[in-house]
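Heads up, the thing below is written out as structure tokens.
The values are calculated or read from the model by the stated rules, or taken from the named source; none is laboratory data. For clarity, every value in this text was computed on a predicted model and none was experimentally measured. Note that we place each Cβ from the backbone using ideal geometry, even for glycine, and neighbour counts take in every protein chain shown. Each accessible area value is taken on the protein alone, full model and side chains, heavy atoms only, with ligands, DNA and RNA left out. Shrake-Rupley method; radii C 1.70, N 1.55, O 1.52, S 1.80 Å.
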Amino acid sequence: MPSPFFATIFLLVLFIGTFVSCTEGAPRAFFVFGDSLVDNGNNNYLLTSARADSPPYGIDYPTHRPTGRFSNGFNIPDLISQELGAEATLPYLDPELTGDKLLVGANFASAGIGILNDTGIQFANIIRISTQLQNFEQYQARVSALIGEEQTERLVNGALVLITLGGNDYVNNYFFTPVSARRLQYNLQDFSVYIISEYRKILMRLYDLGARRVLVTGSGPLGCVPSSLASRSVNGECAEEPQRASAIFNPLLVQMIQGLNQELGSDIFVAANAMEMQTDFITNPQAFGFVTSKIACCGQGPYNGIGICTASSNLCPNRDLYAFWDPFHPSERANKIIVQTLFTGSDKYMTPMNLSTIMAIDSL
């Protein structure tokens with residue numbers, strides 16, 4: 001009869017072997033960092049006003065219940081996971097993120113945050129990007145306890161990483177009040193250069209933590225979202241100053257990423273020009289099957305762009321006909337168009353290559 005010691009060792013080896021075999025042949029892991037465009041529920045666990053855990057959020061999600069996603073249904077990370085053939089990543093704060101679910105990846109994003117630590121201070125308790133990266137370190141330690149350090153390194157190195165930052169640094173910082181501290185400190189061009197330099201440090205930290213395929217999305221056309229139309233627009237045209245911010249930020253981001261890749265000697269980082277992607281369906285919504293790109297499906301006031309989406313807001317009957325779900329965020333259908341462009345878009349949208357090309361290269 002084997003001793004309890006050897007029986008325990010045998011079970012431990014069997015347990016680790018099971019996890020290792022799960023990583024081999026499984027879809028690549030997927031990690032998500034950023035703000036409300038990609039948060040899938042972390043803020044549900046925080047005392048903050050930046051939450052999407054009440055109806056009508058999630059009205060078109062399979063459960064028809066709010067999940068913490070700032071969407072009527074699926075958000076961008078969900079749709080990328082579907083393209084990868086993987087299940088959706090769980091929020092890092094979700095108690096269900098244990099065991100083999102850890103091997104799928106994790107979503108560390110938190111609505112309201114930006115590149116800068118002083119962005120989104122009005123939301124109080126949110127997970128700033130420095131803490132998201134600390135959580136990524138903690139995640140790796142948890143996975144190492146399951147499958148060992150070497151297999152964890154392989155899982156992280158082989159993963160796809162999505163990071164979405166920048167929009168809040170304008171909307172909820174620079175432009176948040178007519179006279180903000182950052183406005184007094186910088187003109188718009190210099191502020192943009194500054195946040196890009198800070199973004200570069202964040203991306204290098206991701207690289208140091210093992211990320212080797214990182215999709216970095218730029219800012220959408222900030223002047224054209226229903227919130228900007230309601231508060232800043234003249235005659236329904238995209239608001240000039242936030243629009244100029246996006247026009248400055250995206251090219252600077254692409255330029256910075258090209259420089260980073262050159263420095264690292266490999267195409268680690270991939271830039272997605274979100275402004276170009278969204279401008280297509282904002283300027284010609286009918287060509288994409290939308291009835292409007294100006295009016296949010298859920299909201300109140302001009303363009304349904306005032307305040308936030310609540311149970312008492314105006315709510316459109318068919319979300320697929322609206323480019324924007326709420327005053328700030330694209331609808332699920334608009335997210336599908338964005339994700340399709342991430343996978344198949346030309347160099348007008350993706351630098352240096354799209355996700356389909358990455359998948360093909362990495363499968364060799």
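Annotations
- Extreme residue, farthest from ILE59 (Cα to Cα), among residues of segment 267-311 that are in contact (Cβ under 8 Å) with a residue 12 or more places away in the chain and polar (S, T, N, Q): ASN273
- Here GLY112 clears all of (1) open to solvent by 30 Å² or more (accessible area, probe 1.4 Å); (2) under 16 Å from the mean Cα position of the chain (by Cα) except the condition numbered (1).
- Scanning segment 152-163 for residues that are in contact (Cβ under 8 Å) with a residue 24 or more places away in the chain and surrounded by 14 or more Cβ atoms within 10 Å (Cβ to Cβ) turns up GLU153, ARG154, LEU155, VAL156, GLY158, ALA159, LEU160, VAL161, LEU162, ILE163.
- Pair list, Cβ under 6 Å, 6 or more apart: segment 82-101 residue more than 28 Å from GLN340 (Cβ to Cβ), other residue open to solvent by 60 Å² or more (accessible area, probe 1.4 Å) and of a type in the set (Ser, Thr, Tyr): LEU93/TYR45
Table: residues versus (1) closer than 30 Å to ALA245 by Cβ; (2) open to solvent by less than 30 Å² (accessible area, probe 1.4 Å).
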| residue | (1), (2) |
| --- | --- |
| VAL143 | no, yes |
| LEU165 | yes, yes |
| TYR170 | yes, yes |
| ALA181 | yes, no |
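- THR310 under 19 Å from LEU79 (Cβ atoms) and surrounded by fewer than 17 Cβ atoms within 10 Å (Cβ to Cβ): no
- Of all residues in segment 72-99, those being charged (D, E, K, R) and either touching a Ser or Thr at 6+ places or on another chain (Cβ under 7 Å) or in a helix (DSSP H, G or I) (or both) number 3.
- In summary, GLU87 fulfils each of the numbered conditions (1) at pLDDT below 95; (2) open to solvent by less than 20 Å² (accessible area, probe 1.4 Å); (3) of a type in the set (Asp, Glu) with the single exception of condition (2).
- Of the residues making up segment 177-187, none is touching a Lys or Arg at 6+ places or on another chain (Cβ under 7 Å) and not hydroxyl-bearing (Ser, Thr, Tyr).
- Flag for GLY99 being open to solvent by less than 40 Å² (accessible area, probe 1.4 Å) and within 22 Å of LEU203 (Cα to Cα): no
- Exactly one residue out of VAL171, VAL143 is in contact (Cβ under 8 Å) with a residue 60 or more places away in the chain, of a type outside the set (Ser, Thr, Tyr) and part of a helix (DSSP H, G or I): that is VAL171.
- Filter result for THR341 (free of Cβ contacts under 8 Å to residues at least 60 places away in the same chain, among the β-branched types (Val, Ile, Thr), open to solvent by 20 Å² or more (accessible area, probe 1.4 Å) and farther than 16 Å from ASN72 by Cα): no
- Residue identified as modelled with pLDDT of 95 or more, open to solvent by 20 Å² or more (accessible area, probe 1.4 Å) and in a helix (DSSP H, G or I) among GLN122, GLN138: GLN138
- Top-ranked residue in segment 250-268 [being farther than 13 Å from SER197 by Cβ and polar (S, T, N, Q); ranked as surrounded by the most Cβ atoms within 10 Å (Cβ to Cβ)]: ASN250
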